[in-house]
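S.K.: I am attaching a structure below and will ask some questions about it afterwards.
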Amino acid sequence: MSMHFEKRLPIPSEIKNQYPLSGKAWKIKQERDRVIRQIFTGKSELFLLIIGPCSADREDSVLEYLSRLSRVQDQVGDRILIVPRIYTNKPRTTGKGYMGLLHQPDPASKPDLLAGIIAIRELHMRSIEQTGLTAADEMLYPENYRYLDDVLSYVAVGARSVEDQQHRMTVSGMDIPAGMKNPTSGDLTVMFNSITAAQAEHNFIYRGWDVSTDGNDLAHVVLRGSVNKHGNSLPNYHYEDLLLTAQLYERFELKNPAIVVDCNHANSGKKAREQIRISHEILHSRSYNQSLKKLVKGLMIESYLVGGRQDTVGGPDHVYGQSITDPCLGWEESEKLIYEIYSRL
């Protein structure tokens with residue numbers, strides 16, 4: 001038999017009972033969720049900035065980064081709402097490489113999924129308690145969402161997951177915004193079909209239960225670029241791409257039309273510093289076209305304490321606060337960029 005059942009993991013309610021969210025943190029989440037909903041429904045003109053490490057690889061450096069981010073939020077809060085990236089499980093194109101804090105609470109040690117579940121929950125809770133910021137995470141495994149559903153304020157569905165039925169249906173049962181990325185092929189209709197499914201009611205099997213959902217009216221577009229048959233990155237953040245996306249929203253007649261642009265990945269060709277230029281171009285497109293100003297609600301930016309990336313995941317050569325997955329902007333560049341975005345809004 002090729003599948004080996006190692007051990008039974010606790011169900012989400014058991015983990016939540018062991019590691020409960022405090023009343024203080026719950027109140028913070030409720031208020032931030034309220035404001036984020038207003039952004040996506042057009043009742044608030046705040047601009048959403050989903051920013052942080054490519055992968056949340058260790059608690060200490062992530063919390064240090066978030067503490068800096070929190071101080072910047074205090075300065076830009078009248079125009080920008082910052083939602084930090086705490087991405088704790090990472091999709092791997094070939095199945096190889098670091099798969100995130102969920103799999104490896106210590107990136108230099110062997111996988112331990114139970115320890116990982118506890119580590120990611122504690123990291124999200126400490127972020128709220130220590131910085132007042134509720135975060136975004138990627139839903140790589142739909143069945144794991146319930147371990148974090150009381151702490152997250154935003155969920156991303158990746159380019160490789162957006163066509164999956166279970167991801168779409170799970171999103172339909174969420175009360176927070178879910179960004180559905182265009183697939184790596186670049187076919188925008190696939191993404192719009194996914195949003196259509198996510199906004200609809202469903203009945204399906206989830207974690208051994210017969211469940212029904214009400215639909216998620218905050219499911220929306222995330223443009224992340226694509227890759228052609230030669231493996232070359234093709235951006236989709238330009239003015240014409242935004243207009244095309246706006247036209248598709250009209251055709252599909254979806255609730256709460258919104259675009260969030262992922263400034264890294266195939267849009268930047270994974271060249272982290274390109275995110276600065278891309279951000280400026282998107283803001284220019286918004287200022288030029290009032291319809292796009294209403295439609296483009298925010299940006300995704302990959303950023304960490306130290307710019308670039310590294311292969312070292314432990315030992316004396318490991319660079320504290322530098323990405324071990326995709327390259328990121330460093331803190332100084334990131335802080336400057338946030339203030340530039342603020343001045344252009």
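The values are calculated or read from the model by the stated rules, or taken from the named source; none is laboratory data. Treat the numbers as computed from the prediction; the structure is a model and nothing was measured. Positions of Cβ are backbone-derived with ideal geometry, glycine not excepted, and every protein chain shown enters the neighbour counts.
S.K.: Take Pro84 and decide whether it is under 21 Å from Asp149 (Cβ atoms) and modelled with pLDDT under 95.
M.R.: No: the conditions fail for Pro84.
S.K.: Step by step: first the residues of the range 305-345, then only those that are of a type in the set (Ser, Thr, Tyr) and under 19 Å from Gln104 (Cα atoms), then the one that is modelled with the lowest pLDDT. Which residue is that? Explain how you work it out, then say what you get.
M.R.: Taking the range 305-345 and keeping what is of a type in the set (Ser, Thr, Tyr), we get 312, 320, 323, 325, 334, 339, 342-343.
Narrowing further to those that are under 19 Å from Gln104 (Cα atoms): 312, 320, 323, 325.
Numbers: Thr312: 78, Tyr320: 94, Ser323: 93, Thr325: 91.
Only one residue fits best here, namely Thr312.
S.K.: Here is a further query. Only residues that are closer than 17 Å to Ile118 by Cβ and part of a helix (DSSP H, G or I): list them for the range 7-45, please. Before you say what the answer is, go through the steps one by one.
M.R.: Taking the range 7-45 as the starting set, the residues that turn out to be closer than 17 Å to Ile118 by Cβ are 7-22, 25.
Selection gives Pro12, Ser13, Glu14, Ile15, Lys16, Asn17, Gln18, Ala25.
S.K.: Give me the pairs, please: first residue somewhere in the range 291-316 and under 13 Å from Ala272 (Cα atoms), second residue anywhere and aliphatic (A, V, I, L, M) and not in a strand (DSSP E or B), beta-carbon distance under 6 Å, and either six or more positions apart or on two chains.
M.R.: Partner pairs satisfying both residue conditions: Val306/Val319.
S.K.: For the range 319-343, give me each residue that is among the aliphatic types (A, V, I, L, M) and part of a strand (DSSP E or B).
M.R.: The one that is among the aliphatic types (A, V, I, L, M) and part of a strand (DSSP E or B): Leu329.
S.K.: Would you confirm whether any residue within the range 282-299 is in a strand (DSSP E or B), under 22 Å from Gln73 (Cα atoms) and out of contact with any Ser or Thr (no Cβ under 9 Å at 6 or more places or on another chain)? Let's see the steps before the verdict.
M.R.: Quick first cut of the range 282-299, residues in a strand (DSSP E or B) only: 296-299.
Filter again for under 22 Å from Gln73 (Cα atoms), leaving 296-299.
Narrowing further to those that are out of contact with any Ser or Thr (no Cβ under 9 Å at 6 or more places or on another chain): 297-298.
Yes.
S.K.: Out of Val171, Val151, I need the residue that is over 14 Å from Arg85 (Cα atoms) and aliphatic (A, V, I, L, M). Which one?
M.R.: Val171
S.K.: Being closer than 25 Å to Ser334 by Cβ, among the basic types (Lys, Arg) and either out of contact with any strand residue (DSSP E or B) (no Cβ under 8 Å at 6 or more places or on another chain) or surrounded by 15 or more Cβ atoms within 10 Å (Cβ to Cβ) (or both) narrows it down to one of Lys96, Lys90, so name that one. If you could, list the steps in order and put the result at the bottom.
M.R.: Details: Lys96 fails: closer than 25 Å to Ser334 by Cβ.
One residue alone meets the criteria, Lys90.
S.K.: Can I ask one more? Being more than 18 Å from the chain's Cα centre (by Cα) and not hydrophobic (A, V, I, L, M, F, W, C) is the filter here, so list the residues in the range 105-121 that pass it.
M.R.: Of everything in the range 105-121, those that are more than 18 Å from the chain's Cα centre (by Cα) and not hydrophobic (A, V, I, L, M, F, W, C) turn out to be Pro105, Asp106, Pro107, Ser109, Lys110, Pro111, Asp112, Gly116.
S.K.: Sticking with this one: Filter the range 111-152 down to the residues that are surrounded by 23 or more Cβ atoms within 10 Å (Cβ to Cβ), of a type in the set (Ser, Thr, Tyr) and within 22 Å of Arg37 (Cβ to Cβ) and list them by number.
M.R.: Residues satisfying the conditions are Ser127, Thr134.
S.K.: Out of everything in the range 303-317 that is assigned to a strand (DSSP E or B) and touching a helix residue (DSSP H, G or I) at 6+ places or on another chain (Cβ under 7 Å), what residue ends up being surrounded by the fewest Cβ atoms within 10 Å (Cβ to Cβ)? Talk me through it step by step, then tell me what you get.
M.R.: First pass over the range 303-317, keeping only residues assigned to a strand (DSSP E or B): 303, 306-309.
Next, only the ones that are touching a helix residue (DSSP H, G or I) at 6+ places or on another chain (Cβ under 7 Å) stay: 303, 307.
On the way: Ser303: 26, Gly307: 19.
Selected residue: Gly307.
S.K.: In addition: Quick test for you: out of Ser212, Ser226, pick the one residue that is surrounded by fewer than 19 Cβ atoms within 10 Å (Cβ to Cβ) and either within 18 Å of Arg160 (Cβ to Cβ) or not basic (Lys, Arg) (or both). Before you say what the answer is, go through the steps one by one.
M.R.: Values: Ser226 fails: surrounded by fewer than 19 Cβ atoms within 10 Å (Cβ to Cβ).
Among Ser212, Ser226, only Ser212 is surrounded by fewer than 19 Cβ atoms within 10 Å (Cβ to Cβ) and either within 18 Å of Arg160 (Cβ to Cβ) or not basic (Lys, Arg) (or both).
S.K.: Just for the range 14-57: of the residues that are of a type in the set (Gly, Ala, Ser) and in contact (Cβ under 8 Å) with a residue 40 or more places away in the chain, which one is surrounded by the most Cβ atoms within 10 Å (Cβ to Cβ)? Spell out the reasoning first.
M.R.: Kept after step one, since they are of a type in the set (Gly, Ala, Ser), are these residues of the range 14-57: 22-23, 25, 42, 44, 52, 55-56.
Okay, now just the ones that are also in contact (Cβ under 8 Å) with a residue 40 or more places away in the chain, so 22, 25, 42, 52, 55-56.
On the way: Ser22: 11, Ala25: 21, Gly42: 13, Gly52: 27, Ser55: 26, Ala56: 30.
Out of the qualifying residues, it is Ala56.
S.K.: Within the range 103-140, count every residue that is over 20 Å from Met300 (Cβ atoms) and part of a loop (DSSP other than H, G, I, E, B). Break it down stepwise before answering.
M.R.: The first filter runs over the range 103-140 and keeps only residues over 20 Å from Met300 (Cβ atoms), leaving 103-119, 121-122, 125-126, 128-130, 132.
Now restrict to residues that are part of a loop (DSSP other than H, G, I, E, B): 103-112, 132.
Residues that pass the stated criteria total 11.
S.K.: Suppose we filter Lys271, Lys297 for residues that are modelled with pLDDT of 95 or more, surrounded by 18 or more Cβ atoms within 10 Å (Cβ to Cβ), out of contact with any Asp or Glu (no Cβ under 8 Å at 6 or more places or on another chain) and on the phi < 0 side of the Ramachandran plot; which single one remains? Even if it seems obvious, please write down each step before you answer.
M.R.: Values: Lys271 fails: surrounded by 18 or more Cβ atoms within 10 Å (Cβ to Cβ).
Lys297 is the lone residue from the list that is modelled with pLDDT of 95 or more, surrounded by 18 or more Cβ atoms within 10 Å (Cβ to Cβ), out of contact with any Asp or Glu (no Cβ under 8 Å at 6 or more places or on another chain) and on the phi < 0 side of the Ramachandran plot.
S.K.: Is it the case that Ser161 is polar (S, T, N, Q) and part of a strand (DSSP E or B)?
M.R.: Working: polar (S, T, N, Q): yes; part of a strand (DSSP E or B): no.
It is false that Ser161 is polar (S, T, N, Q) and part of a strand (DSSP E or B).
S.K.: Okay, moving on. Hey, can you tell me all the residues within the range 164-194 that are under 17 Å from Ile36 (Cβ atoms) and part of a helix (DSSP H, G or I)?
M.R.: Residues of the range 164-194 under 17 Å from Ile36 (Cβ atoms): 171, 174-180.
Within the range 164-194, just Val171 meets the criteria.
S.K.: Among the residues of the range 61-79, which ones are closer than 23 Å to Gln38 by Cα, surrounded by fewer than 21 Cβ atoms within 10 Å (Cβ to Cβ) and among the aliphatic types (A, V, I, L, M)?
M.R.: Val72, Val76
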